[in-house]
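Below: the structure, in structure tokens.
The values are calculated or read from the model by the stated rules, or taken from the named source; none is laboratory data. All figures in this text were calculated on a predicted structure; none of them were measured in a lab. We place every Cβ from the backbone using ideal geometry, glycine too, and count neighbours over all the protein chains shown. The protein model used for the area step is the full one, side chains on, heavy atoms only, and it has no ligands, DNA or RNA in it. Shrake-Rupley method; radii C 1.70, N 1.55, O 1.52, S 1.80 Å.
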Amino acid sequence: MLRQLVINNLAVIDKLDLEFDAGMTVFTGETGAGKSILLDAIGLILGDRADTSFIRGGADKADITAVFSLANLPEVRTLLDELEIDSDDELFIRRVVSNDGRSRAYINGQPVPIQALRDLGIHLVDIFGQHAHQSLSHTKMQRQLLDEFGEYHECLATVGKLYHEWKDISHQLQQMQTGGEDYEARLTLLRYQIEELNELGMTDDEYASLDEKQKRLAHSQQLLEACQTALSELKDSDAAIDDRIGLYQRKFEDLTRLDASLKNIAEILNNACIQIDEAAAELRDYIDHIDNDNSALSEVEKRLDRYHDLARKHRVKPETLVTHLQALQQELDKLEHGQEHREELLVRQQKVTDEYFKQALILSKQRQKTANHLAQSVTEKMHELGMGGEFTIEVAAINDATPRFQGMDNINFLVSTNPGQPSRSLGKVASGGELSRLSLAIQIIGSSDSGVPTLIFDEVDTGISGGIAEVVGRLLHSLARHRQIFCVTHLAQVASCGNQHFRVSKDTQGKQTYTSVEVLDRAQRIDEVARMLAGLTITTESRANAEKMLEAV
């Protein structure tokens, strides 16, 4: 559960430090006071997208920290272990949004990617927005609500996995369905190209070897003259380097009798003479075998020209012709054996399709079972919320041989708001207020089975008033026995059901606007509920009514 929320420089909030209890916490205040900013702060903690518009004017950054209790949250502890983050009984999440547009996140003081907040957030808080009922008439949302309420997540995942496998196989088969003429033309071209390249008789390293040999033959005279000059200067001339070094080597060897420390120099010079002898021997061998045959050069250049001609024709580099030939051979093999591969894919596709429809049928039965249970529960809540009639969920099979990602069912929420009237789709028979109450009923039922410890209801009581508002408040209060409930409301009947009450207000000082949040004691709660009942002028009667409402909880 959420223990503490610290906000600095977020929109019109300067500084706030709020501590929360278990049970039901309500937030009240005039429209525009800043209640939504509190939800924005929690949204940032949960990984919502941020930008510089969140930062209070004149500040260089917005900084939000939330403290959660980790009691009975094994999924969160597992995620923290995967992130290699140490944790005790409390979890500290911090989000910083800077003026330069950067957003940083920290978990227990350790920097983490924003995605880590989202991964943790789904196990910490659920937020039900004030406009949730508006999407309730959409069939996609109806299927999602039913699947979330059901406990068949593995079956749903299996159906999705089989669908993707079927789609992948179908895509491969589609790629293989080349027109007959194009197919034959490609085969003919590949065979011709492969035959042409095979005629060259290439080997893996031949081009590099030919290139090196061409350079050597083309510059054989230059190489010969350089080697002969070097050999002469090193060994064969009257002033050969070898003789001069040998002379100094002998002198230093004689000098070692006078100073033994010169022995190392004598040895170095002796080694130099040995190295020169070895270099001279290799030079003589190189000179003896150097090839300056012009006919050999001509043959090498002809071979290289053939490489370059084919490389230009195939639009590749000459050194990659061998790998290009291998690629062509692989493509030819694939095309020539395409029918065999296609038949294998067709067998596999049929096997996957059969398994998909088998699992889709299991999913349909699970959905039907869940639909009956959910419909009965929502109908009961409808009656509590002052709505007559009946809520039903239709799970209709899709009669199609093509698999669907979410299974083979159309989900349709139906309602009869008056006894004896036929059930029809929500969007056709339910008013805005009725949709709001239905949405709230579904949220309360669904969240009661959820493992998420903190639920936030943001003005979900819109369109509700009178005795029904009191029922809504009591339902939320009942739900708060098992979950921590936050409720942003304008209804006195709902606010009076809270265990903890915060009042949000806005004040303007000069050119600056500030939002403040204060926790209310008993007397202050009476005044606030009375204000919500009577408006700006609090009467003795409204105060007495407020006190009775608080005592009734």
Original post:
Which ³J(HN,Hα) values, rounded to whole Hz and listed in residue order, are derived for region 274-291 from phi using the Karplus coefficients 6.51, -1.76 and 1.60 in 6.51 cos²θ - 1.76 cosθ + 1.60 with θ = phi - 60°, glycine and proline given as x?
Top reply: 5, 4, 5, 4, 5, 5, 5, 5, 5, 4, 4, 5, 5, 5, 5, 10, 5, 9
Original post:
Quick one: if you take sqrt(5λ) for each eigenvalue of the C-alpha gyration tensor of region 1-87, what semi-axes come out, biggest first, whole angstrom?
Top reply: 26, 18, 10
Original post:
At a probe radius of 1.4 Å, what is the per-residue accessible area of Asp204, in Å² to the nearest 10?
Top reply: 120 Å²
Original post:
Which of the GluC sites (Glu not before Pro) found in region 8-104 are loop residues per DSSP with 13 or fewer other Cβ atoms within 10 Å of their Cβ?
Top reply: Glu84
Subject >> Candidate residues Met202, Met387: accessible-area rank, largest first, probe 1.4 Å >> reply: Met202, Met387
Original post:
So what J values fall out for region 237-254 if you push phi through Karplus, 6.51 cos²θ - 1.76 cosθ + 1.60 with θ = phi - 60°, rounded to Hz, Gly and Pro as x?
Top reply: 9, 5, 10, 4, 4, 4, 5, 5, 5, x, 4, 5, 5, 5, 5, 5, 5, 5
Original post:
In whole angstrom, how far apart do the alpha carbon centroids of region 78-107 and region 218-282 sit?
Top reply: 70 Å
**OP:** Express in nm, to one decimal, how much length is gained between Arg250 and Ile268 on full extension, taking 0.36 nm for each residue of separation and deducting their alpha carbon distance.
**Re:** 5.3 nm
Original post:
Quick one, which of (i) 240; (ii) 331; (iii) 149 is the actual volume of the Cα convex hull per residue in Å³ calculated for this model?
Top reply: (ii)
Original post:
If you count the DSSP beta bridges with both ends in the chain, what percent of them are antiparallel, to the nearest 5?
Top reply: 75 percent
**OP:** Mind listing the long-range amide H neighbours of Ile127? Cut-off is under 5 Å, sequence gap 5 or more, other chains count too, H placed in the peptide plane at 1.01 Å from N.
**Re:** Ile456
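Pairs Lys167/Lys334; Lys161/Lys358; Lys506/Lys548: which exceed 25 Å Cα-Cα? Before the final figure, lay out the partial values.
Working: Lys167/Lys334 21 Å; Lys161/Lys358 13 Å; Lys506/Lys548 28 Å.
Table pairs above 25 Å Cα-Cα are Lys506/Lys548.
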Original post:
Between Asn108 and Ser465, what is the FRET efficiency for a Förster distance of 35 Å, r being their Cβ-Cβ separation, to the nearest 0.05?
Top reply: 0.20
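Between Leu361 and Arg424, what's the calculated FRET efficiency when r is the beta-carbon distance and R0 is 35 Å? Round to 0.05.
Working: r = 28 Å, r/R0 = 0.80.
For R0 = 35 Å, the calculated efficiency reads 0.80.
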Original post:
Semi-axes, largest first, in whole Å: what does sqrt of 5 times each Cα gyration tensor eigenvalue give for region 1-157?
Top reply: 27, 22, 16
Subject >> Low-density loop positions, trypsin sites (Lys or Arg not before Pro), region 18-75 - DSSP coil, at most 14 other Cβ in 10 Å >> reply: Arg49
